[in-house]
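The block underneath contains the structure these notes are about, expressed in structure tokens.
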Amino acid sequence: MVRIVLVLILGVLMASCASAGQRYTWQDIKQEVGPTVPKPAKEAYLKVYTKEEEVNDGGYLWVRGLRYNIFSDNGKLIESVRNDNTPNTFTLSPGKYVIVPLGSRQYKNEIIGAILEPGKMTEVHMMGG
């Protein structure tokens, strides 16, 4: 009788040890946990500061920011900014943009390239703005 009990105990111990050598892979999991991975931002932000200039409108003097256009890197006009106040903020797709001041020829050397990264603000200061 003692021998039968010992054999049963030994059998149970051996069976439990057999599962200890089994391997598990990622495909065996029942539930996955971990930190939440944020979704990549699909928008970028551009803030343009410009020099303010005085405008004489038939005896009425007022101040406005420099007018400018924003182009995509392949030359497509994205925004034409009249700019009655400065700065202006734009929500755009990430990428490369060209900001071109309008008006006097003195501004032609102020063409600026801006690189916009997802979820980030890029600031441009034109003509000391």
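I'm trying to understand the selection: among the residues of region 110-129, which are of a type outside the set (A, V, I, L, M) and modelled with pLDDT of 70 or more? Within region 110-129, GLU110, GLY113, GLU117, PRO118, GLY119, LYS120, THR122, GLU123, HIS125 qualify.
Of the residues making up region 40-72, those that are exposed (fewer than 12 other Cβ atoms within 10 Å of the Cβ) and outside any strand (DSSP E or B) are PRO40, LYS42, GLY58, GLY59. The number of residues in region 73-91 that are part of a strand (DSSP E or B) and either in contact (Cβ under 8 Å) with a residue 40 or more places away in the chain or over 26 Å from the mean Cα position of the chain (by Cα) (or both) comes to 4. Of all residues in region 92-107, those satisfying the criterion of being modelled with pLDDT of 80 or more and surrounded by 13 or more Cβ atoms within 10 Å (Cβ to Cβ) are LEU92, PRO94, GLY95, TYR97, VAL98, ILE99, VAL100, PRO101, LEU102.
The values are calculated or read from the model by the stated rules, or taken from the named source; none is laboratory data. Note that the structure is a prediction, hence the values are computed from the model and not measured. FYI the Cβ positions are ideal-geometry reconstructions off the backbone, even for glycines, and counts take in every protein chain you see.
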